[in-house]
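To keep things clear, I will list the structure first and then write my remarks on it.
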Amino acid sequence: ADPYRGAKRPRDEDSHEESRSKQKTAGRDGRRVLVRSEADSEEQTGDGEKILERLMDQDGEDPEGEPVDESTVKKMILTFEKRSYKNQELRIKFPDNPEKFMEAELDLNDIIQEMHVIATIPELYHLLVELNAVHSLLGLLSHDNTDILNIDMLHESEEGAEVLIDALLEGQVVALMVQNMERLDETVKEEADGVYNTLGNFVPVCTEAAPQGLMQWLLKRIKAKMPFDANKLYCSEILAILLQNNDKGFIICLFTFLAFLIFVLLMFSLQVFKRHNPTTAEEQEMMENLFDALCSCLMLPANRDRFLRGEGLQLMNLMLREKMSRVSALKVLDYGMIGPEGWDNCYKFVDILGLRTIFPLFMKTPKKMKKVGISDKEHEEHVCSIIASMLRNLKGQQRSRLLSKFTENDCEKVDRLMELHFKYLEAVQLADKRIEGEKHDMVRRGEIIDDAMDNEFYLRRLDAGLFVLQLVCYIMVEICNAGVPQLQQRVHQILNLRGGSVKIVRHIMRAYTENIGDGKSEEFKESEQKRILELLENF
């Protein structure tokens, strides 16, 4: 998933297209209604209405912008500090008499409104840090009035923002914002909007935000039995980004405490979608976010055992039968069964009759895949990867049941395998021809083909279907070494009939072994390469 897919979006239910576009902080209306009357008695209602009227009048003002320089910002900060202190003092002195501190709160609101202009001048952010205004700003996050402050500066990407962001993170800004969100009542539209706006601040600082309580809050919010809304969707996006963008060391540390909870909640959420297909594009996106988060979890080998014990395989096997969730479920199964760490899941998948589900998807790629934005290549890649993982990991009775699938109905599965082989071989050869032409032109012009260009060419070969071709060839080599003469004869027969070559298959597999075991130990890499090369000798 695109790591930036969770970028902040405007809450506009009337325009689907507009709701998908990313919005800069500067594009938002900086003025918000920040003061609420805390008077509970009817006698104070009139004062609250006057305050609201004053704020509404203020919102309609459009004063001509004056040049803002360092001196102006310093004056703003000084005024802000004074008004903040005065407001705090009056609230302590008259906690049960809002009339006494309402005027001070309005004054504080006024200077905060004025300070919004600083958000557009990142080069002056350092003044907030140097004059110790960060501490006061963070203090307002725990203000009794939950609307008094909304920090939007975390969206700024300019160089000058780094100093302020570091100071805010050091001051536990994420923990304070999480606490602030917990105080908000999302059944009130204005407060639900406040939660949404706060969530947008976490996207640029996901890695730093997780240890400060964000992960727990996201999981709690996703699990909450509340109607589907933009906030729940946004939480799923941030969760997916959080898990995708962190390095292995961070994930291991984090999952020591949260992995089990993550799996319980993700399984709970996905079971909701098992009972009915998503009815809107937003629900579909949330489902895909949860699948992406689950795949990120499964990249940690220890979580594959949790996936097995949590009956994740059974859930995915059921979801393979649903059109909307099929490809995402295939992807999760692929992540859960790949490599030697996935051998338990491979055995369990056969035991729960998963072969009856996976092979119909292998035999025929569903025609409606493109309607849900999924390519045939993506579908066929995951299916072939799952079958390749089972061939690698299964032994004994389960392996025999898998191989029997290739012999039934006059070896129709082998015919389909060879069909995929020639399909992707042709696509890769076409891509190779184009790449060679481009290389020839570059050499003729005297240009150097460096490592970056080689990597680009390799990515283009992968886009053409090289990895699917490698998986298909691996399956061919495995079944030909399975001790079933019927399978080997059928593979070689079709190769000869269609002008294929054993040498080409061996060449593809040797190139595959060179890249195998990335991220694994050197010992694993060498043993796996040796095993595949031995299979090739008998192919």
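The values are calculated or read from the model by the stated rules, or taken from the named source; none is laboratory data. Computed from a predicted structure; not experimentally measured. Here Cβ is always computed from backbone atoms with ideal geometry, including for glycine, and neighbour counts include all displayed protein chains. The area values use the complete protein model at the heavy-atom level, side chains included, leaving out ligands, DNA and RNA. Shrake-Rupley method; radii C 1.70, N 1.55, O 1.52, S 1.80 Å.
Tabulated values for the structure
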read-out: Any pair with Cβ under 8 angstrom, 6 or more apart, that starts in region 106-124 at a residue that is more than 18 Å from residue 82 (Cβ to Cβ) and ends at one that is acidic (Asp, Glu) and at pLDDT below 80; value: 119/152; 119/156; 122/156; 122/158; 122/159; 123/158
read-out: Cβ pairs under 9 Å, 6+ apart, first in region 126-142 and closer than 20 Å to residue 72 by Cα and touching a residue at least 12 places away in the same chain (Cβ under 8 Å), second surrounded by 16 or more Cβ atoms within 10 Å (Cβ to Cβ) and aromatic (Phe, Trp, Tyr); value: 133/80; 136/80; 137/80
read-out: Breaking point among (1) closer than 23 Å to residue 232 by Cβ; (2) of a type in the set (D, E, K, R); (3) at pLDDT 85 or above, for residue 322; value: (3)
read-out: Residue within region 370-379 that is in a helix (DSSP H, G or I), of a type in the set (Gly, Ala, Ser) and over 22 Å from residue 495 (Cβ atoms) present; value: no
read-out: Any hit, region 357-370, residues being of a type in the set (S, T, N, Q), surrounded by fewer than 18 Cβ atoms within 10 Å (Cβ to Cβ) and at pLDDT below 90; value: yes
read-out: Residue that is farthest from the chain's Cα centre (by Cα), among those in region 461-478 that are within 15 Å of residue 378 (Cα to Cα) and of a type in the set (D, E, K, R); value: 461
read-out: Scope region 319-352; condition over 28 Å from residue 529 (Cβ atoms) and of a type in the set (S, T, N, Q); matching residues; value: 325, 328
read-out: Number of the condition not met by residue 169 [criteria: (1) at pLDDT 80 or above; (2) closer than 18 Å to residue 217 by Cα; (3) hydrophobic (A, V, I, L, M, F, W, C); (4) open to solvent by 10 Å² or more (accessible area, probe 1.4 Å)]; value: (1)
read-out: Residue list for region 341-354, restricted to those being part of a helix (DSSP H, G or I) and open to solvent by 10 Å² or more (accessible area, probe 1.4 Å); value: 341, 343, 344, 347, 348, 351
read-out: Scope region 304-319; condition outside any loop (DSSP other than H, G, I, E, B) and more than 18 Å from residue 386 (Cα to Cα); matching residues; value: 306, 309
read-out: Filtered residues of region 94-140 (kept if of a type in the set (Gly, Ala, Ser) and either farther than 17 Å from residue 173 by Cα or not in a helix (DSSP H, G or I) (or both)); value: 104
read-out: Residue in region 131-151 that is at pLDDT 80 or above and either charged (D, E, K, R) or open to solvent by 30 Å² or more (accessible area, probe 1.4 Å) (or both) present; value: yes
read-out: Those residues of region 327-340 which are open to solvent by 10 Å² or more (accessible area, probe 1.4 Å) and either of a type in the set (Val, Ile, Thr) or over 20 Å from residue 467 (Cβ atoms) (or both), in sequence order; value: 327, 338
read-out: Residue within region 288-295 that is open to solvent by less than 50 Å² (accessible area, probe 1.4 Å) and over 17 Å from the mean Cα position of the chain (by Cα) present; value: no
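Conditions tested, residue by residue: (1) touching a helix residue (DSSP H, G or I) at 6+ places or on another chain (Cβ under 9 Å); (2) within 26 Å of residue 434 (Cα to Cα); (3) not aromatic (Phe, Trp, Tyr).
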residue	(1), (2), (3)
469	yes, yes, yes
484	yes, no, yes
496	no, no, yes
502	yes, yes, yes
513	yes, yes, yes
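Here is a yes/no grid of residues against (1) open to solvent by less than 40 Å² (accessible area, probe 1.4 Å); (2) farther than 20 Å from residue 140 by Cα:
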residue	(1), (2)
184	yes, no
190	no, no
196	yes, no
203	yes, yes
219	yes, yes
225	no, yes
233	yes, yes
237	yes, yes
242	yes, yes
